[in-house]
Amino acid sequence: MTTPSIGECIPKFESRTQEGQPFTDADLKGQKTVLYFYPKDNTSGCTLEAKSLRDGREALAAAGFRIVGVSPDSEQSHRNFCDKHSLGFTLLADTDHSVCEAFGVWGEKSMYGRKYMGVKRTTFIIDAEGRIEKIFDKVDTKNHFKQIMDSYAQ
């Protein structure tokens, strides 16, 4: 399982949105996308990241981006998370980790000395043709929207 590189096409995948609708790699073509992977709905860092993207949603849309989040949570968990925080963007339920694995962000983590498998917080910026334009593997959860926008100002 390797992470795709900048310039490569995104891997093929299938998932479902928080509304239970099918969503595949083909759905990411035609518009620039902020595809962000996060560990778990309603945890502190993941909530900060989602709120940052929510608060920057209009500016991202003006720059031509849509936002799609991915975590191993269920469709119902995602619906609740979206409703609780008025997110207004698509979340994919990756309960079998297949999308995370395809993007190389599912792996061993460690907390308080305990090792476990989980999502390595990562954001991919994908162009309209489905190629990876940028990768953020050191995500500033509280300021992620600004982190993305600043990367384009350089």
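Exactly one of (1) assigned to a loop (DSSP other than H, G, I, E, B); (2) in contact (Cβ under 8 Å) with a residue 60 or more places away in the chain; (3) under 14 Å from the mean Cα position of the chain (by Cα) is unmet by residue 41. Its number?
Unmet condition: (2).
Looking at the structure I just gave you, is residue 31 touching a residue at least 60 places away in the same chain (Cβ under 8 Å), at negative phi and buried (at least 21 other Cβ atoms within 10 Å of the Cβ)?
No: the conditions fail for residue 31.
Quick one: how many residues across the range 64-97 are at negative phi and exposed (fewer than 13 other Cβ atoms within 10 Å of the Cβ)?
Of the residues in that region, 4 qualify.
Filter the range 141-154 down to residues that are farther than 15 Å from residue 68 by Cα and touching a residue at least 40 places away in the same chain (Cβ under 8 Å) and give me whichever is surrounded by the most Cβ atoms within 10 Å (Cβ to Cβ).
Taking the candidates together, the pick is 141.
Is it the case that the range 19-34 has a residue that's under 24 Å from residue 146 (Cβ atoms), among the acidic types (Asp, Glu), out of contact with any Phe, Trp or Tyr (no Cβ under 9 Å at 6 or more places or on another chain) and outside any strand (DSSP E or B)?
no
Pull up the range 100-120, narrow it to residues that are closer than 24 Å to residue 6 by Cβ and out of contact with any Lys or Arg (no Cβ under 9 Å at 6 or more places or on another chain), then point me to the one that is surrounded by the most Cβ atoms within 10 Å (Cβ to Cβ).
103
Within the range 119-154, how many residues turn out to be under 18 Å from residue 10 (Cβ atoms), touching a Phe, Trp or Tyr at 6+ places or on another chain (Cβ under 9 Å) and not basic (Lys, Arg)?
Within the range 119-154, residues that are under 18 Å from residue 10 (Cβ atoms), touching a Phe, Trp or Tyr at 6+ places or on another chain (Cβ under 9 Å) and not basic (Lys, Arg) number 10.
Where the second residue is at pLDDT 95 or above and buried (at least 20 other Cβ atoms within 10 Å of the Cβ) and the first is farther than 19 Å from residue 68 by Cα and lies in the range 104-126, which pairs have Cβ atoms under 7 Å and are six or more apart or on separate chains?
117/106
The values are calculated or read from the model by the stated rules, or taken from the named source; none is laboratory data. No experiment lies behind these values; they were computed from the predicted model shown. When we count neighbours, we look across all protein chains shown, and the Cβ atoms used for this are built from the backbone with ideal geometry, even at glycine.
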